[in-house]
1. Using only helices, what value at 222 nm comes out for the chain when you add -39,500 (n - 2.57) per DSSP H run of length 4 or more and divide by the total residues, to the nearest 500 deg cm²/dmol?
2. Modelled label-to-label distance, T265 and Q30, 7 Å Cα→beta-carbon offset: nm?
3. Out of all DSSP beta bridges with both ends in the range 2-210, state the antiparallel percent to the nearest 5.
4. What does the C-alpha gyration tensor say about the overall shape of the range 226-267? Classify as rounded when a/c is under 1.5, otherwise prolate if a/b is larger than b/c, or oblate.
5. Can you compute the charge dipole magnitude of the range 44-142 about its Cα centre, using +1 on each Lys and Arg Cβ and -1 on each Asp and Glu Cβ, nothing else charged? Give it in debye, rounded to the nearest 20.
6. For the chain, with a Gaussian network of springs between Cα atoms less than 10 Å apart, report the residue from V210, V156, V57 with the top mean-square fluctuation.
7. How long are the semi-axes of the ellipsoid equivalent to the chain, from square roots of 5 times the Cα gyration tensor eigenvalues, in whole Å, largest first?
8. Between Q26, Q145, Q192, find the one with the highest GNM mean-square fluctuation for the chain; connect C-alpha pairs within less than 10 Å.
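Values quoted throughout were computed directly from the atomic coordinates according to the rules given, and no laboratory measurement underlies them. The structure presented is a predicted model; accordingly, all values stated were derived computationally and were not measured. Note that each Cβ is placed from the backbone with ideal geometry, even for glycine, and that neighbours are counted across all protein chains shown.
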Amino acid sequence: MRVAIIADIHGNADALQAVLADARAQGAEQLIVNGDVVNRGPDSVAVLDTLLSRSDVTFTLGNHDDLLRLWDARSAKLPPEWFADPFWGATDWSARQLDCAGLLHVPADWPMTLTLQESGLPPVLVAHGSAQDYREGLSERTPPQRVDELSAGHGVLVGSHIHRPAHAEVGGVLVLNTGAVGAPANGDPRAQYLLLTSGPGGWHAELRAVPYDRTGVLARFDSSGLLDTGLSARIFRDEVLTSRSLYTPYWMWTQEDGLPRDDRTWDEFLRRRGLTPGHASAGS
């Protein structure tokens with residue numbers, strides 16, 4: 001069995017196409033999409049349409065797949081002040097795009113976890129974050145006690161969510177992270193995913209990174225109208241441009257210091273990190 005496990009596509013159709021072509025060339029027989037198909041990027045509708053057209057794909061639920069439905073419902077699970085905050089313009093835009101295409105509620109049926117089983121091999125538990133929380137990232141930094149709690153008899157744990165690949169043995173359990181297809185945060189702009197192959201010696205994990213030209217998706221932030229929605233769209237574009245995690249540390253910095261989330265503080269945040277808008281090449 002050879003399985004491609006992809007995640008964190010985040011509305012980046014060009015990165016998705018690159019990964020699908022590579023998985024096909026590697027002989028993958030099955031495709032697992034481990035959450036966060038949509039939001040952040042300009043291509044949520046196109047990405048979901050592409051994946052739903054395939055017969056070999058199964059999904060798990062990611063936090064962004066769920067967020068757009070919660071946003072549309074004005075769910076009490078979200079802070080009420082978010083709905084009037086222009087900072088969330090990109091999320092509102094993505095939810096409306098999916099709703100207009102009749103795709104917003106497709107993830108309602110996606111499970112939190114999937115299990116891969118092959119005769120004679122340890123079972124593989126796949127979840128966007130963990131089986132208990134789709135925002136809990138798994139990596140070599142996960143404490144052995146926590147890995148033991150989460151594995152529940154599974155020999156392999158596969159997560160995503162943190163936007164960087166990981167491959168480690170923790171407390172006798174193989175802990176893997178797929179990395180991100182559409183918005184890597186490890187400084188590598190290539191589209192990243194996990195290729196998992198069963199064999200006589202057990203599960204073989206290969207973390208793959210596929211070059212693609214980012215100029216198209218970066219241009220669509222503007223041409224689609226997404227960039228007009230405000231600062232969060234600009235942050236998401238800059239994450240694709242820099243291949244670094246920017247949104248979360250910016251949010252934490254502004255929250256801790258009581259600062260407004262606006263263009264002025266965003267530019268200051270970039271300067272503090274030695275970055276300037278447009279500093280990186282958009283090519284492959």
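1. Values: 9 runs with 94 residues, N = 284.
After summing the helix terms and dividing by the residues of the chain, the value is -10000 deg cm²/dmol.
2. Output for this residue pair reads 4.6 nm.
3. On the way: 23 of 38 bridges.
Rounded to the nearest five, the antiparallel share is 60 percent.
4. Values: a/c = 2.51, a/b = 1.35, b/c = 1.87.
Oblate, because a/c is 1.5 or more while a/b does not exceed b/c.
5. Values: 7 positive and 14 negative charges, 12 e Å.
Approximately 60 debye in magnitude.
6. Judging by the Gaussian network model, the answer is V57.
7. On the way: eigenvalues 185, 81, 75 Å².
Whole-Å semi-axes of the equivalent ellipsoid: 30, 20, 19.
8. Q145
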